């Protein structure tokens with residue numbers, strides 16, 4: 001039995017354990033393990049806390065994103081309605097502008113027609129006066145002719161204009 005290597009290993013192991021117990025190695029190992037367990041527990045607590053904070057931040061960002069999307073949709077809807085309103089106003093203003101320009105053009109045309117008619121009448125009156133003057137000057141002579149000519153010219157001008 002003393003010559004078996006397993007026996008000597010067992011004896012050496014027991015002696016080693018007694019020496020470790022005497023030197024307080026077990027207490028040091030236990031303290032080191034306790035510290036390690038405390039450190040691991042603290043890291044787990046921190047990880048749990050960080051996870052909860054990340055979940056809160058994620059929820060906050062999701063809420064902000066949803067709010068931003070709603071605001072963007074509202075802005076787009078408002079912009080579309082504003083564009084439609086502006087287009088309607090522009091169309092109405094354009095129609096009003098065209099109507100006023102048409103009315104102004106028609107007025108100018110009517111005025112030009114009246115002016116042309118007056119010019120034609122004046123030219124006709126002038127031609128008639130010239131013709132009457134020529135005829136009367138050739139057929140009637142003297143003071144009577146001058147009086148008749150002046151009176152006739154005045155009457156023709158008054159009637160034609």
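Bear in mind that the values in this text are calculations on the coordinates, not laboratory data. All values derive from a computational prediction rather than experimental measurement.
For helix 143-160, what angle does its Cα long axis make with the longest principal axis of the chain, in degrees from 0 to 90 and rounded to 10? Helix 143-160 sits at roughly 30 degrees to that axis. Calculated mean residue ellipticity, 222 nm, the chain: -35500 deg cm²/dmol, from DSSP H runs (n ≥ 4) at -39500 (n - 2.57) each, averaged per residue and rounded to 500.
Springs between Cα atoms under 10 Å define the GNM used for the chain, and in it the highest mean-square fluctuation of 16, 33, 50 occurs at 16. Which angle between 0 and 90 degrees, to the nearest 10, do you get for helix 25-139 versus the longest principal axis of the chain when only C-alpha atoms count? Compared with the principal axis, the helix lies near 0 degrees.
Restricting the calculation to Cα atoms, the chain yields a radius of gyration followed by a Dmax of 60.9, 188 Å. Using C-alpha pairs below 8 Å separated by at least 6 residues, the relative contact order for the chain is 15 percent.
The angle between the Cα long axis of helix 5-23 and the main principal axis of the chain comes to about 70°, on a 0 to 90 degree scale.
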